[in-house]
Structure formats: structure tokens, C-alpha cells
Amino acid sequence: MSSQPIDTSRIEFRKAATARECAWSTEAVLELLAMPFADLMFRAQEVHRANFEANQIQRSTLLSIKTGGCPEDCAYCPQSLHFDTGVKAQKLLELSEVVEAAQAAKRHGATRFCMGAAWRSPNQRDLERVAEMVAAVKNLGLETCVTLGMLEAHQARQLREAGLDYYNHNLDTSPEFYGEIISTRTYQDRLDTLQHVRDADIRVCCGGIVGMGESVRARAGLIAQLASLDPYPESVPINHLVRVAGTPLAAAAALDGIDFVRTIAAARITMPRAMVRLSAGREQMDEALQALCFLAGANSIFYGDRLLTTSNPQIVRDQALFAKLGVSATEIS
Ligand code: SF4
């Protein structure tokens, strides 16, 4: 049994997320994506304002605690061993390095500290070290999130007992398109890990990547899958592919900005109470496109100079954009 106190906000979220009127089908999401843009944005705003403060954005900082050398073959990822991208494999960071980075993130206004490791799945020794990191970061008064690959049920429980708030494990894309992107783990493997995380009473951070050459139907399929998880994830990162030289998707056709905004709006409408995070790819977006994403219901960003291995807009640029838009940062509730 978990030693964590009962968190009533988890129960409230589940009640609200489970009481939705119907699960979302790919067809229903396709209809959303095809709406006139102004109508779609209006609907997304209505949903957003019914569930969140309209002008608040949550900030998370992401630290790569173990970079590169990953045996998986995710076609977008510069950390895969299968592709020659110049990313060198590194060892798991020391606890002190992680704590120092978390302290800096907190000073800069982050409320959640996410730690990512490029593993297929953690071995027991590494998991114990990550559990220590989780406990130390939690002690600083930050929410904690880790992404470590596939988890077994007992590993999820161990992380929860260390104080983990969120586990990130993305579905990446629709089940139909998935085989074009990854061959070393199945969609079902991902769903199994998500179930272990839920069973351990850890909040789920789960989203996907768009701009990988997928069809509109595949984008709709991803959103429908996420929205049909029961309950849907508390946190939904929508990543825009960063085309990294050396990966199979280095030359993927660019996704139209308006189509990206439509995807964000569909995530907001189908998962009303989720934090929808504008994640990878933000550095390539101008301010107007980011503003449209916020208008479409994105209310969380990664904040800091780098994501796992790709660069991220500098903190000062984000602060300037927030000021320009009259947006304030969300504190931990
Ligand atoms: S996305 Fe994650 S699992 Fe896939 S290759 Fe990159 S680090 Fe490994």
C-alpha cells in the first residue's frame, strides 16, 4: 500500500474525466479538426474558460538525467542508438547535479520538474537512484515527473512511494500510423505501462508528436486515443516534430501552423480538464503561432534553455511573450 496521503484532487479529476458524456472516436475528432477555424477556436476557448483560469500558464522544466544510447528506434529521436545524430551516450546524472538543476528551475519560476532518461525501461538499480532523485526534488517543493520508458507494476509503485506526481509516457501517434515510427515496442506495451502508472495512483502525462508525415486522420486518431483513456491524462504534451539531422524524419514535410493549432484545440475540447502542454518544437514557432496555441487551449509549456536534447526558447523570451500576452504563471495548487 502507498505511504502517500490521499490526494483528493486526484479523485476529483477522475470523477470529472470519467463522467464525460461519451468517448471520442477518430471520426468525431476529425469533425472537430474540419470545423471553420474561428468556430473551433471559440469552442476551445469556451471549454478552456469553463475549466481553467483563462490567462494562466503552467511552467515545467525538463532535465535529461540520462542522455543518448537508447536501444529503441523511435524515428524522431536523436537519442536512439539506431541513428547517427551526434548525441553521445551519457551516464545517469548524480543526485547532486539533479538537485542543483531543480533548485535553478524553481528559482526561475518552474512549478514542475521533469526528469527524462533514454532507456527502453529502467533496471532496478537505476530505478532506485531515480526514486532518490524524485524524493529530493519533491523536498524542494516542486511537483515531480519522470519519463523512463516502460515500467513494470512494482516499479511504478516504488516511484509513487518516493513521491512521484506524474509519469510521462507518450502514445506518440495513432495506432494505425505507429508502425511507421517505432518497431521496438508495441502500442500495447505503451498502454500497459500507462495502466501500471494509473494503478500506482500516479498522475499520467501522455501525449504525442505531430508533423511526422502523418495524415489528418492519424492526428485525429492520436487525440481520440488519448481522450478515450479512462480517465484521460491529467497532462497532455503536444509535441511538434523537431527535425533532427540523422534521424529518419530529418526531411519530413513541415506541418502547417494552423493544422498544429487545430490539433491543440482538439486536445483541449476532448480533454477539458487536462493541462495541454505546448512541448517540443516551440522554438521553431513565432510568437503569433504560440499565442494562437494558447488561445486554442494550451496552458502549459516547457520552460528553460533545453528540452531533452533539443534547444528551447530562452527564459527571457518566454517572459517577454507572457508579458506581451498578459499571461501569468500558474502556481502549484
Ligand atoms: S523517444 Fe525515448 S524510447 Fe524512443 S529512442 Fe528516444 S529516448 Fe529511446
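Read the figures in this text as sums done on the coordinates, not as results from a lab. Quick caveat: nothing in here was measured; it's all calculated off a predicted structure. Using ideal geometry, Cβ is built from the backbone for each residue, glycine included, and neighbour counts are taken over all protein chains shown.
Here are some notes:
- Segment 185-233: radius of gyration over Cα atoms, expressed as a fraction of 2.2 N^0.38 Å: 1.23
- Volume per residue that the Cα convex hull of the chain spans, once the total is divided by residue count, Å³: 122 Å³
- Proxy reagent accessibility, fewest Cβ within 10 Å first, across 82, 169, 196: 82, 196, 169
- Projected area averaged over orientations for segment 116-163, convex hull of C-alpha atoms, nm²: 2.9 nm²
- Kirkwood analysis of the Cα pair distances in segment 201-333 returns a hydrodynamic radius of 15.4 Å.
- Estimated vicinal HN-Hα couplings, Hz - segment 195-206 in sequence order (Karplus 6.51, -1.76, 1.60; Gly, Pro = x): 5, 4, 5, 4, 4, 7, 6, 9, 5, 9, 10, 8
- Sorted by Cβ density within 10 Å, fewest first, the residues 199, 165, 189: 199, 189, 165
- In this rough spin-label picture, where each label sits 7 Å from Cα along the Cβ direction, the residue 125-residue 201 distance is 3.2 nm.
- Estimated FRET transfer efficiency when R0 is 22 angstrom, pair residue 46-residue 230 (beta carbons, to 0.05): 0.40
- Pairwise Cα inverse-distance average, inverted: Kirkwood Rh of segment 27-101 (Å): 16.8 Å
- Gained length - residue 55 relative to residue 135, 0.36 nm times residue gap less alpha-carbon distance: 25.7 nm
- Considering only segment 176-333, percent of DSSP beta bridges that pair antiparallel, nearest 5: 10 percent
- Label-point separation in nm, residue 108 to residue 314, each point 7 Å along Cα→Cβ: 1.1 nm
- Percentage relative contact order, the chain, counting C-alpha pairs under 8 Å, at least six apart: 24 percent
- When DSSP beta bridges are restricted to pairs lying wholly in the chain, around 5% turn out antiparallel.
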